[in-house]
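Enquirer: Sharing a structure, written as structure tokens. Questions coming.
The values are calculated or read from the model by the stated rules, or taken from the named source; none is laboratory data. What you see is a predicted model, and the numbers here were worked out from it, not measured in a lab. All Cβ positions, glycine included, derive from the backbone under ideal geometry; neighbour counts span all protein chains shown. For the accessible areas, the whole protein counts, side chains as well, though only heavy atoms, and no ligand, DNA or RNA atoms are used. Shrake-Rupley method; radii C 1.70, N 1.55, O 1.52, S 1.80 Å.
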Amino acid sequence: MKAHLLAASLLLPIMTFVASAAGASQSCPLVDCDCEAISDIRWRNVCESREVKVIEDCLSNQGLPKSFCGLHGPQGFPVATSIQPDSKSAVVESDDLTTTAKLIATQNWSLDDSFAVLKSRERAKQYGDAIQLVGLLERDIERLYQLHRQVDAAYKQVGQTKEGAQALTAHAQSLEQRAQALRSYSGELWQQAEISSVDRERKAYRTLAFKIARLAGTVYEYTADLSGLMGNPVASAGAWQSAAELAQSLEKWERSTENKSQHLTFYQAQAAARWHRATYELIEAGQADAVAATLRNAQLVDQYADQGIADNGSHADHEMAEDTRAIKRGSR
């Protein structure tokens, strides 16, 4: 949170502050940084100060959100994370946990197979196929994440919270391992691009590195969410931090290649949002020293959140089309 915003808000009379925020919210109902979810009043004030600014930006933009929440609760919006707030409970498609466990096992097997095939296609220089397989991985990992959330909902539905927490712990650990594997692989591909002397190969390696690193960041967010559901804010914060670091790595890669301003804004906003979520989790865990560190990291990139809303979905769609065309051309 920018210091001048916080200082200004603290000078306002409390009743005026609350009244103005409430009135603005009525004009911009989409904006809600979920500040009430933050248990510590000092940090809740930081969240509310930023929320007032986001609402002001929204009002000046004909009622459409223009900037992002800073520090926010889990239902905060607008935020630049891959996972967007969802107030709806996970749908329990089947209360037969044995059946769901089999579905999860099948999904895990499919993901292992797809990842192996992706690597084989890349090594065979079948780059177009490899890019398509990243899309398949993305879809299947999201399906796996939703199955994990269904397991949590099913256990809660029957009142077996302890068993549910144990299941979520295993699922979160499994997803984190996938995120780590994807992160490592993206780094290997980036190194391959750095040493390649063939334009088409260099472009292909960079494209795959970007796409897989973005996917790894999303999987870290899934891990963070599951850790939060099982009541482990420290583990959740760690996953959010890993996701934030990946967004910052992607920003550095972008600067060294295309250096497109809209892509830089996207990665910067995403890094800030993820650091802020890590901060929220550490506040809930009562780790004051760690809170200060993560908040500083968020503030280093938070200035870019004012440059406009970065649309995760349209960005990814645009990148897919551009990546495929560029590889076929064999140029940057």
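Enquirer: Could you check how many residues of the range 196-239 are of a type in the set (A, V, I, L, M), in a helix (DSSP H, G or I) and farther than 15 Å from R123 by Cβ?
Expert: Result for the range 196-239: 11.
Enquirer: (1) open to solvent by 10 Å² or more (accessible area, probe 1.4 Å); (2) among the β-branched types (V, I, T); (3) under 22 Å from the mean Cα position of the chain (by Cα): which one isn't true of I38, the others all being true?
Expert: (1)
Enquirer: Let me ask something else. Can you pull out the residues in the range 151-172 that are part of a helix (DSSP H, G or I), of a type outside the set (S, T, Y), surrounded by fewer than 20 Cβ atoms within 10 Å (Cβ to Cβ) and touching a residue at least 12 places away in the same chain (Cβ under 8 Å)?
Expert: A153, Q157, A165 - these are the residues of the range 151-172 that are part of a helix (DSSP H, G or I), of a type outside the set (S, T, Y), surrounded by fewer than 20 Cβ atoms within 10 Å (Cβ to Cβ) and touching a residue at least 12 places away in the same chain (Cβ under 8 Å).
Enquirer: I would also like to ask the following. Quick check, is L144 closer than 16 Å to L229 by Cβ, modelled with pLDDT of 95 or more and surrounded by 16 or more Cβ atoms within 10 Å (Cβ to Cβ)?
Expert: Yes, satisfied.
Enquirer: Among the residues in the range 183-190, are any of a type in the set (S, T, Y) and free of Cβ contacts under 8 Å to residues at least 40 places away in the same chain?
Expert: Scanning the range 183-190 turns up at least one residue that is of a type in the set (S, T, Y) and free of Cβ contacts under 8 Å to residues at least 40 places away in the same chain.
Enquirer: Taking the options L111, L118, name whichever one is open to solvent by less than 50 Å² (accessible area, probe 1.4 Å), assigned to a helix (DSSP H, G or I), of a type outside the set (D, E, K, R) and without any contact (Cβ under 8 Å) to a residue 40 or more places away in the chain.
Expert: L118
Enquirer: Name the residues in the range 41-76 that are among the aliphatic types (A, V, I, L, M) and open to solvent by 40 Å² or more (accessible area, probe 1.4 Å), would you?
Expert: Across the range 41-76, the qualifying residues are I41, L59, L64.
Enquirer: Shifting gears a bit: Whether any residue in the range 77-99 is modelled with pLDDT of 95 or more, out of contact with any helix residue (DSSP H, G or I) (no Cβ under 8 Å at 6 or more places or on another chain) and surrounded by 14 or more Cβ atoms within 10 Å (Cβ to Cβ) is what I want to check.
Expert: yes
Enquirer: Hey, can you tell me all the residues within the range 242-280 that are open to solvent by 10 Å² or more (accessible area, probe 1.4 Å), assigned to a helix (DSSP H, G or I), more than 14 Å from R214 (Cα to Cα) and not aromatic (F, W, Y)?
Expert: Across the range 242-280, the qualifying residues are R255, S256, S261, Q262, T265, R277.
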